Amino acid sequence: MARQPEKPAILDGGVILPSEQMAMDPSALDNVVRGKGAPLIHFRALRCPVGLVDPTDVRRPHPDHSGCSNGFLYVSIGRVTASLSSNATQQEKRDYGWYDGSTIVAVFPRFYDSDPAKRVLVKPYDRFYLEQEDLLTGTWDLTQRRKDGHADRLEFPAVQVEHIIDSQSRRYGPEDFEIIEAGDIQWKSNRGPALGQCYSIWYQYRPYYIVERLIHELRLFPTHGFVDTNEIKMERLGFGAVLQREFVHRTQTPDDQAPDKQNRQKLPPEDDEFGPR
C-alpha cells in the first residue's frame, strides 16, 4: 500500500513547510555544471624525479628538460566541461619577484565527458587547457638567438608570431623562420639575427590554467537506495578548485643531471660566481 503523505506543517504567519525533504540528484547537478561550463583538457601533474638525489631534494634547480615543465611531468587524462566563474586579478610577490595573474573558481562534474565511467580527480599543479585551440592570448619576449644554431626557446610555446625586431632595427617575417614543435623558433639558413644577437618578439600562445588550491575535495551527499529507500549511500560530488592563469615562464637554467635530448633548454651563464649548478 502506498504511503500516505503527511500533512504539511503551518507556522504562524501562514508559512507552509513541506512534509518531506527534497532530495538532490547528483546527475542533475552534473548537467547544470556542464550546461554552463567550458570544455577543458585535463593534464595531471606528477613530480619529476629526473636528477633528484633523494625524494626530499629541493636545493638543486630542476630544469625544464624534455617532457618536463616546471618540475612536473604532465599526462593527458581526458576532456571535462567545468563551470568557470569569479574571474579576478591579483598581484603577489613570490621569491622570484612580482607577477600579475588571474584566478577563476572552477566546479567540475563527477565524470569526464570523454569517459563517462571515469571520475574527475583534481590535485594542485594540474593543468587545464581550453579545448578550443584557436582561443589564444598574446605576449612579448626579449631574447637572443642561440649561438649554437639550435632553435630559440621563448617564455611560452608560440603558436603565431606577429612581430620580430632585432637590436639593429631589422624586422623579420614568416619567410625567415618557422615555428617548430613545442613552440620554438627555428631560423632558416642564412636568415634571422646574427648568432647571439638580441631581438624582441611579439607572439600568440595557447593559455592554460594551473590548479592553485582545492576548495572542495570530498563533498559527500547521502542518497537513498533505488529498491530499499531505507538504505543510505554516500555519493561523492564534483570537485571545486581555484585555477590560476599560467605565470611561470620556461626559463629554468639547465644542468647536466637532467639533460634535454632535444637541446631545447635555455643556455646557462658562461661564468657563475656560485659555481656549476
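Read-outs: derived from the displayed coordinates by stated rules, not from any lab. What you are looking at is a predicted structure, and each value in this text was computed from that prediction instead of being measured. As a convention, Cβ positions derive from the backbone with ideal geometry for all residues, glycine included, and neighbour counts pool all protein chains shown.
General remarks:
- For the range 137-204, the equivalent ellipsoid built from the Cα gyration tensor has semi-axes of 16, 13, 11 Å, listed from largest to smallest.
- Length added when fully stretched, residue 133-residue 29, from 0.36 nm per residue minus Cα-Cα: 34.7 nm
- Residue-count net charge about residue 83 - beta-carbon cut-off 10 Å; Lys, Arg +1, Asp, Glu -1: +2
- The label-point distance for residue 50 and residue 160, in a model that sets each label 7 Å from Cα toward Cβ, rounds to 3.1 nm.
- Each peptide in 104-110, 36-42 was scored by the mean count of other Cβ atoms within 10 Å over its residues; highest first, the order is 104-110, 36-42.
- Length gained on full extension, residue 119 to residue 73: 14.5 nm, using 0.36 nm per residue less the C-alpha separation.
- Working note: Karplus 6.51/-1.76/1.60 with θ = phi - 60° gives the range 29-46 the couplings 5, 4, 5, 5, 4, 5, x, 10, x, 10, x, 10, 9, 8, 10, 7, 9, 10 Hz, where Gly and Pro are set to x.
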